[in-house]
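Before any comments, here is the structure.
The values are calculated or read from the model by the stated rules, or taken from the named source; none is laboratory data. The structure displayed is predicted, hence computed values, not measured ones. Cβ placement follows ideal geometry from the backbone for every residue including glycine, while neighbour counts extend to all protein chains displayed. The protein model used for the area step is the full one, side chains on, heavy atoms only, and it has no ligands, DNA or RNA in it. Shrake-Rupley method; radii C 1.70, N 1.55, O 1.52, S 1.80 Å.
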Amino acid sequence: MARIKIQGLNKFYGDTQALFDVNLDIKDGEFVVFVGPSGCGKSTLLRTLAGLEGSSSGRIEIDDRDVTTAEPVDRDLAMVFQSYALYPHMTVRENMDFGMKVNGFSPEKRSERITEAARILQLEDYLERKPGQLSGGQRQRVAIGRAIVKNPKVFLFDEPLSNLDAKLRVQMRVELEGLHKQLDATMIYVTHDQVEAMTMADKIVVLNAGRIEQVGTPMELYHTPNSRFVAEFIGSPAMNVFAPDASLRDLTLAPEAAFIGCRPEHLEVLQSGAGHADATVKVKEQLGGESLLYLATETGQDIVARVSGEDETKVGETVGLRIPDNRLHQFNAAGRAI
Ligand code: ADP
């Protein structure tokens with residue numbers, strides 16, 4: 001377990017600045033997810049923390065120790081990558097053993113740790129197999145096992161599930177959450193997938209173009225995004241955000257409101273003429289338990305509403321949409337929440 005403190009971190013690759021004045025505190029035992037679109041600096045932040053990249057300026061502390069210039073091996077971290085990078089000619093046991101052997105651990109210690117990691121990851125029956133004889137999920141578990149046997153203070157995961165199919169990703173997500181509870185370790189996890197972030201994180205760090213946009217619990221980011229960027233990034237389908245126009249009626253807005261937003265699941269679908277705008281259903285996607293209505297207002301603004309699977313609204317029908325007071329988001333011209 002470990003506390004991490006990042007202060008004023010900047011990172012340049014040549015002339016390109018990848019991180020801008022990053023400040024972040026991570027608590028002991030926290031599961032923190034760095035999320036954001038491709039190229040926003042997530043991997044750079046993780047790699048700088050791991051010591052795989054140097055920082056251009058700023059300070060990194062792990063448990064109050066300044067590790068800003070420390071070598072990766074001296075930081076007591078273990079990293080799990082997207083590509084598992086297992087040694088194909090070695091068995092599962094040998095793959096997990098390799099790092100410990102190189103670092104001169106006793107055979108008893110090594111064996112004990114492998115047994116424990118195999119138990120936690122349910123790999124006991126596969127220890128003598130080679131990676132080629134394992135499924136994708138099992139290979140990913142071996143890669144995690146290699147990190148566990150190091151008994152690190154901090155686990156770093158760089159998009160570890162992106163090579164797996166959708167079903168396995170969900171399963172591994174649950175396994176990782178279980179692992180976090182069991183090990184009680186500080187874990188930092190990088191993904192571009194906001195669903196992974198929402199489901200796994202104690203704390204989400206949203207990055208945008210090299211800057212921290214917002215830090216908060218999944219529910220804080222969902223309910224009180226501090227910018228249009230976070231509002232549209234967190235939640236699926238994304239929040240409806242648009243400039244208020246002539247199709248709206250009876251909606252009281254702040255004078256500086258340049259954009260308004262409402263999540264698809266918070267829109268109320270009423271009779272036409274009721275609520276804040278009329279809109280016509282263009283497409284209806286029935287997903288079983290729920291349906292998505294793709295609508296267009298009289299001024300051509302596209303809106304998505306999520307309704308119950310029992311909802312009987314038909315394509316071509318014009319309905320009224322209401323944004324409940326406490327579900328209305330407003331943003332200024334710079335995209336900041338009002
Ligand atoms: P993410 O992980 O969020 O996709 P990265 O941290 O990989 O983003 O990249 C952040 C920015 O830094 C991008 O603009 C990327 O092109 C740039 N970058 C990353 N690695 C290097 C490198 N080794 N050399 C030059 N630029 C890099």
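Some points to look at:
- Within segment 187-203: backbone nitrogen closer than 12 Å to the Ser38 label point (7 Å, Cα to C-beta): 192
- Summed side-chain charge close to Ala337 - residues other than Ala337 whose Cβ falls under 15 Å, Lys, Arg +1, Asp, Glu -1: 0
- Cut-off 18 Å, label 7 Å out along Cα→Cβ of Glu220, residues of segment 14-35 by amide N: 22-35
- Cα centroid separation, segment 233-286 to segment 27-103 (Å): 43 Å
- Links that overshoot a 18 Å alpha carbon limit, given the list Lys42/Lys150; Lys27/Lys203; Lys130/Lys167; Lys11/Lys42: Lys42/Lys150; Lys130/Lys167
- Within segment 214-235: backbone nitrogen closer than 18 Å to the Asp21 label point (7 Å, Cα to C-beta): 214-215, 227
- For segment 1-48, diffusion coefficient by Stokes-Einstein and Kirkwood Rh (Cα), 37 °C, 0.692 mPa s, µm²/s: 278 µm²/s
- The long axis of helix 136-148 is offset from the longest Cα principal axis of the chain by roughly 60 degrees.
- Efficiency of FRET from Cβ geometry, Gln171 and Asp64, R₀ 41 Å, rounded to 0.05: 0.65
- From its DSSP helices (H runs of at least four residues, each -39,500 (n - 2.57)), the chain gives a residue-normalised ellipticity at 222 nm of -7500 deg cm²/dmol.
- Using alpha-carbon coordinates, inclination of helix 166-183 to the longest axis of the chain, degrees: 60 degrees
- The calculated FRET efficiency for the pair Leu253 and Leu183, based on their C-beta separation and a Förster distance of 35 Å, comes to about 0.15.
- Projected label points at Ala333 and Ser272, each 7 Å from Cα along the beta carbon direction, are separated by 3.6 nanometres.
- For Asn326, net neighbour charge (Lys/Arg +1, Asp/Glu -1) across residues whose Cβ lies under 15 Å away: 0
- q = 0.11, 0.12 Å⁻¹: log10 I(q)/I(0) that the Debye formula gives for the chain, counting C-alpha atoms only: -0.82, -0.91
- Segment Val73-Asn208, length gained on full extension (0.36 nm per residue, minus Cα span): 45.7 nm
- GNM top mover of Pro88, Pro218, Pro131 - the chain, alpha-carbon springs below 10 Å: Pro88
- Proximity of backbone amide H atoms, modeled 1.01 Å from N, is registered between Glu30 and Met187 at under 5 Å, excluding neighbours fewer than 5 places apart on the same chain.
- Distance cut-off 24 Å, percentage of C-alpha pairs in segment 240-331 lying past it: 15 percent
- To the nearest ten degrees, helix 92-102 and the longest principal axis of the Cα atoms of the chain are 60 degrees apart.
- For Thr191, net neighbour charge (Lys/Arg +1, Asp/Glu -1) across residues whose Cβ lies under 13 Å away: -1
- Our estimate of slack between Phe12 and Val195, defined as 0.36 nm per intervening residue step minus the Cα-Cα distance, is 62.9 nm.
- Springs join every pair of Cα atoms under 10 Å in this Gaussian network model of the chain, and among Gly309, Gly275, Gly99 the largest mean-square fluctuation is at Gly309.
- Highest mobility in the GNM of the chain, judged by mean-square fluctuation with C-alpha springs under 10 Å and restricted to Tyr222, Tyr294, Tyr13, is found for Tyr13.
- Apportionment of accessible area to carbon and sulfur, the chain, percent (1.4 Å): 47 percent
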